[in-house]
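Here is the structure we will look at.
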Amino acid sequence: MSVHNPSGPAWYPFDRPWTTRDASDSVTVTVQHASETTQTDAYRGLVTSNSAVRPPQPTPPSYTFRPDAEDNVAVYYGTTPNTQQGGLLALCGSPNVDIAILPFVFDFFGEQGYPSIDFGPGCSDPNIAQRVHAPGHKDCTALALEIAGCQQLGKKVLVSLGGYNSNTSFTSDDQAERFAGTLWDLFGAGTGNDPSIRPFGPDVVVDGFDIDNENHSTDHYETFARALRQRYSSDSSKTYYLSAAPQCPMPEESIPVGAMMEADFVFVQFYNNPICNLDSAGFRGSFAAWSSHLSTMCKTTSPGRPRLYIGAPAWQGAGSGYVPGSALSSPVGLARDLQADLYVHNLGGMMLWDGSEAMANVNELGIDYLTYAKTALQYYWEDHNGQMERET
């Protein structure tokens with residue numbers, strides 16, 4: 001079943017104030033236009049009117065991240081034409097973003113055994129220590145305040161591993177385990193490296209990692225995912241998350257089921273795959289298969305996770321499968337209905353490639369793609385009897 005005609009009438013009440021609930025279902029907020037709102041009190045303390053970054057302020061935000069929510073929006077950031085410095089914090093300031101993902105660590109074993117990275121315009125040439133010890137690194141300390149600002153706002157920041165045309169293979173379980181330790185020392189709470197080579201500087205600790213292996217070599221990835229989990233458990237100061245971003249055709253050729261079973265979130269890419277794109281008839285069967293597959297495989301080993309996210313392109317330049325924002329209610333509603341029919345409730349939200357393009361993708365009504373995605377997810381809610389209801 002394909003999505004409805006994008007030119008048809010939209011259900012979104014953007015011509016008048018409307019009411020929505022936050023992720024915890026405990027606060028009701030009335031806003032004039034969702035596309036114009038931010039977590040204003042906290043956000044204004046972090047960004048000036050021209051998006052220059054300021055040091056994080058001590059006032060805590062009211063937002064609380066819920067990993068088990070069904071309306072989370074995860075966005076990649078850093079590699080598309082509309083990406084600019086300061087944009088990460090701008091995304092985190094949106095009430096329509098819950099998770100920011102920084103791509104990519106694209107070569108696991110570069111010069112002198114350290115990975116090669118590129119997180120976009122927030123990175124510059126390697127610093128002195130990196131040039132000596134980790135030539136594949138970049139100095140990304142310009143992102144440090146933005147990452148810290150996102151975290152202060154309650155948003156989660158993950159580092160993505162892989163991407164298209166990447167070198168992300170393992171030759172042994174031992175190598176996979178050691179690389180998990182390397183990542184923990186470079187981006188997590190590990191202290192096994194000279195802090196001067198950490199890409200975001202010595203003080204930034206991200207909230208986890210995203211596995212986006214696309215080279216069809218799956219050996220030892222289960223070991224790698226478990227090794228990351230073991231590192232997470234060594235730091236009780238906060239919760240760390242693991243995500244995976246498989247392609248929608250099944251069986252998945254690059255991320256094994258064992259690795260996905262360790263994940264909190266699975267961002268299935270329903271784009272650039274014509275047989276199961278978001279705008280295709282194949283989306284229905286593919287989403288149903290992914291819903292059942294993850295639910296069945298993880299029911300006993302990791303109950304409650306992973307949450308399944310609908311991965312979508314946020315603008316036409318991302319490739320095939322694009323659905324205009326005003327039409328997102330159709331595939332999201334279909335996904336909800338399919339899960340109800342299957343008695344499966346593992347939907348976590350949407351993943352967008354990418355956040356900068358979603359924010360810049362504004363239609364003639366002045367509504368951006370982030371707003372449409374979040375509102376489509378909040379279009380349904382669960383009533384007191386556990387039944388899915390549709391807003392009218």
Can you give me the % of accessible surface on segment 253-301 that is carbon or sulfur? Probe 1.4 Å, all protein chains present, nothing else counted.
58 percent
Residues listed by number, segment 253-291, amide nitrogen under 11 Å from Asn215 label point at 7 Å toward C-beta:
none
Of 272-278, 361-367, ordering from highest average Cβ density within 10 Å down gives 272-278, 361-367
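Kindly state, to the nearest 0.05, the FRET efficiency for Arg178 paired with Ser236, given R0 = 25 Å and r defined as their beta-carbon distance.
0.60
The values are calculated or read from the model by the stated rules, or taken from the named source; none is laboratory data. Everything numeric in this text was worked out from a predicted model, so none of it was measured. All Cβ positions, glycine included, derive from the backbone under ideal geometry; neighbour counts span all protein chains shown. Side chains included, ligands, DNA and RNA excluded: accessible areas come from the protein's heavy atoms. Shrake-Rupley method; radii C 1.70, N 1.55, O 1.52, S 1.80 Å.
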